[in-house]
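Take a look at the structure below.
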Amino acid sequence: MTGNNEHHEILDSNDNHDTQQPGRHRLDKSMKRRRVLIGGSAVAAAGGLAIAGMASADTTTSESGSSAAAAKASTSSSAASGVCTLNAEVTEGPYSLEGALVREDIREDKEGFEVQYTFTVVDQANDCAPLADALVEIWHCDALGEYSGFVGGNGHKEEDNGTFLRGGQMTDENGQCSITSIWPGHYVSRAVHVHMRVHTDVTLTDDSYTGGDVIHTGQLFFDPDINEEIQATSPYSANTTKETALADDSIYDDGGASSGLLTLTALGSSVSDGYKATLTVGVNSA
């Protein structure tokens, strides 16, 4: 794949690749890759922050048993109790599109293993209180590593409707929203990942939104052992392009939940049964 390789996603004040692709947001040159620790548990207690209840729980697997890879989920990092952390801010990459559909299920007819995402958005600018009425938008590739609107970038021919595996949901009064999708495939130069934006002050339309401000742009990552088993299983195994390991990814910096590592809970005894994926997303609305 040429031109769309996401090694361009590394933030660099001299990188102008993102301004050359049609149909994509322009990269904000002022954006800096950051992960800011706001306060420890003692500070949180003194400030009366109720973050512990919102932080992602440690990963567990179903009681009915799981594969060895699913069991590895118990070691996945989670947001630390009593700590208010801004999630890592990174470029949105070369496959973003404007005007996401506002919907809970973004799978359409795409094959793959179900992932039930639950995000809790907290606002550092408001003592890490839950951020209500924010639009959490995600997008990612399908099992063959292809993005809607850019099909062919990973070397596969398939129908491209421009909307599959894209969409978002509004957070409730607890700062939470849920989105159902599939486990992503992989493509050349990047580890398996999901893109995320958090918008405020949007105006909802019948099935989408207008206006608003993007206050967070990040990426989500998966336990590498579970992912290895999934990528070796149909329909993912049909994708024979080279995969990049999480440890070698150009974006993920081994920062755990604050760098977008999801907490995973198996929905059954096999990876094909799917996973729940949770993350507390720290943003700054100021």
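Which order do the peptides 121-128, 197-204, 256-263 take when ranked by the mean count of other beta-carbon atoms within 10 Å per residue, highest first?
256-263, 121-128, 197-204
As I understand it, the dipole of the range 101-191 uses +1 on the Cβ of Lys and Arg and -1 on the Cβ of Asp and Glu, about the Cα centre. Which of THR120, HIS186, GLY168 lies farthest toward its positive end?
About the Cα centre, the residue reaching furthest to the positive side is HIS186.
Taking 51 Å as R0, compute the FRET efficiency from the Cβ-Cβ separation of THR210 and LYS157 and round it to 0.05.
With R0 = 51 Å, the Cβ-Cβ based efficiency is 0.95.
Can you list the HN-Hα couplings for the range 266-281, worked out from phi with the Karplus curve (6.51, -1.76, 1.60; θ = phi - 60°), rounded to whole Hz and with x for Gly and Pro?
So the J values, rounded to whole Hz, are 5, 8, x, 8, 10, 4, 5, 6, x, 9, 8, 10, 10, 7, 8, 9.
Classify the range 187-286 as rounded, prolate or oblate, taking a ≥ b ≥ c as the square roots of the eigenvalues of its Cα gyration tensor: rounded when a/c is under 1.5, otherwise prolate if a/b is larger than b/c and oblate if not.
Here the range 187-286 falls in the prolate category.
For the range 150-286, what is the charge dipole size about the Cα centre, in debye to the nearest 20, if Lys and Arg each add +1 at the Cβ and Asp and Glu each add -1 at the Cβ?
Using only the charged Cβ atoms, the result is roughly 160 debye.
Quick one: 3J(HN,Hα) in Hz for the range 158-163, Karplus 6.51/-1.76/1.60 with θ = phi - 60°, rounded, Gly and Pro as x.
7, 5, 10, 9, x, 10
Do any trypsin sites (Lys or Arg not before Pro) in the range 78-186 lie in a DSSP loop with no more than 15 other beta carbon atoms within 10 Å, and if so, which?
Answer by residue number: LYS157.
Taken together, the values in this text are just the output of simple stated rules run on the coordinates, not laboratory data. No experiment lies behind these values; they were computed from the predicted model shown. Here Cβ is always computed from backbone atoms with ideal geometry, including for glycine, and neighbour counts include all displayed protein chains.
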